[in-house]
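Sharing a structure below in structure tokens format, with a few things to ask.
The values are calculated or read from the model by the stated rules, or taken from the named source; none is laboratory data. Remember, it's a predicted structure, so these values are computed and weren't measured experimentally. Neighbour counts run over all protein chains shown; Cβ positions are idealised from the backbone, glycine included. The area values use the complete protein model at the heavy-atom level, side chains included, leaving out ligands, DNA and RNA. Shrake-Rupley method; radii C 1.70, N 1.55, O 1.52, S 1.80 Å.
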Amino acid sequence: MPFAKLTTLGVGGLCQWLFEPTTEAEAQSFVRECAKEGLPYRILGGGSNLVVLSDIALPVLRLALPKVPQREGTRLTAPASHGHIALAEAAAKAGLSGLEFASGIPGSLGGAIRMNAGAYGREWIDVLATYRFLTPEGELIEKRPEPGEFKYRWSWMTGGRIVLSATAQLAEGDSVRITAQVAEYREKRGTSQPLSKRNAGCIFKNPSSTSAGRLIDQAGLKGLRIGDAEVSPEHANFLVNHGKATASEFAELMETVRAKVREIHGVDLEPEVEIWK
Ligand code: EPU
């Protein structure tokens, strides 16, 4: 299947082996089989934070677990393949506060945990009570997060570890107030980010002292276009696909932005998105 269909950005080559386990046990057998063969694999979530630059011949696992969140008191548990925005909406509807920040972040819950996704000063580690994952050997572990496991847009869920589910510790809240906060965040996002164009969210991490978007903007790069790939005129840290952008156009645009920012600001931007090649 083409990565154009598997990612929100819509570039990349072919995904040659896509495995979609519908149970945790199936995912576990997949991992054990790969471990036995010494075969590396990739893990795909909602494809909303991913830039694919070539065909991918390695097996790709995308969980397709039943999407039913479970509530226990003020805790909400969902499988990793649950839609991230849908989960935030389910929490709001249930009058549970704490996931408002997540309401505009696309992708899957597993991807959000993997990236410790965040917005508006909040991130997953602020609400994460426990999570379940598979080790690269196929062992299933459930644990509470510990220091060092989750940082800004990073977690240790790399190297073949697969998030299976996560439990958020939320708080009783007023549905109307939560929904109003969600609407306010959505409005902010809608006016500052190019959501009507295919994109992969913010492309570079924010350096500790400032916003990558501001640096790219100040370097005068908004509107810089290579083929159908463009530095968004709305938010400079979004590179958008106007429809037919190719992987090499994207790679070139990312490199150009990085080089210009290095030249002008002396800052080496680090990709925030996952890059597969
Ligand atoms: N700015 C510019 N020009 C631009 C973009 C931004 O001058 O083209 C300025 C803004 O005016 C503002 C500052 O930079 O003063 C920060 O901008 P914004 O509020 O848009 O936040 P950001 O730092 O660019 C971060 C996250 C976003 C998240 C927003 C809102 C990263 C890399 N980005 O963006 O996350 O939605 O805050 O909380 O951490 C993502 O992870 O994919 C993502 C989009």
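Which of the residues that make up the range 118-152 are assigned to a loop (DSSP other than H, G, I, E, B), within 16 Å of the ligand (Cβ to nearest atom) and open to solvent by 20 Å² or more (accessible area, probe 1.4 Å)?
Selection gives Tyr120, Gly121, Tyr152.
Continuing with this model, one more query. Which of the helices (runs of 4 or more DSSP H) found entirely inside the range 1-107 contain at least 3 residues meeting this: touching a helix residue (DSSP H, G or I) at 6+ places or on another chain (Cβ under 8 Å)? Step through it out loud before you land on a result.
Numbers: elements: 3-6, 24-37, 84-93.
Per the criteria, 84-93.
Got a number for residues in the range 238-277 being in contact with a Leu (Cβ under 9 Å, 6 or more places away or on another chain) and more than 20 Å from Gly12 (Cα to Cα)?
8
Which residue is nearest to the chain's Cα centre (by Cα), if the candidates are limited to the range 221-243 and must be among the small types (Gly, Ala, Ser) and open to solvent by 40 Å² or more (accessible area, probe 1.4 Å)?
In this case the residue turns out to be Gly243.
Right, here's the next one. Return a yes/no flag: does the range 178-200 have any residue that is crowded, with 21+ Cβ neighbours inside 10 Å, at negative phi and in a loop (DSSP other than H, G, I, E, B).
Yes - at least one qualifying residue is present in the range 178-200.
Same structure again: Please go through the range 244-269 and give me each residue that is part of a loop (DSSP other than H, G, I, E, B) and either touching a residue at least 60 places away in the same chain (Cβ under 8 Å) or crowded, with 22+ Cβ neighbours inside 10 Å (or both), ordered by number. Break it down stepwise before answering.
Here is the first cut: in the range 244-269, the residues part of a loop (DSSP other than H, G, I, E, B) are 244-246, 266-269.
Ala245, Thr246, Val267, Leu269 - these are the residues of the range 244-269 that are part of a loop (DSSP other than H, G, I, E, B) and either touching a residue at least 60 places away in the same chain (Cβ under 8 Å) or crowded, with 22+ Cβ neighbours inside 10 Å (or both).
A further question on this structure: Restricting attention to the range 163-177, and to residues there that are out of contact with any helix residue (DSSP H, G or I) (no Cβ under 6 Å at 6 or more places or on another chain), small (Gly, Ala, Ser) and under 30 Å from Glu26 (Cβ atoms), which single residue is surrounded by the fewest Cβ atoms within 10 Å (Cβ to Cβ)?
Residue satisfying both the conditions and the ranking: Ser165.
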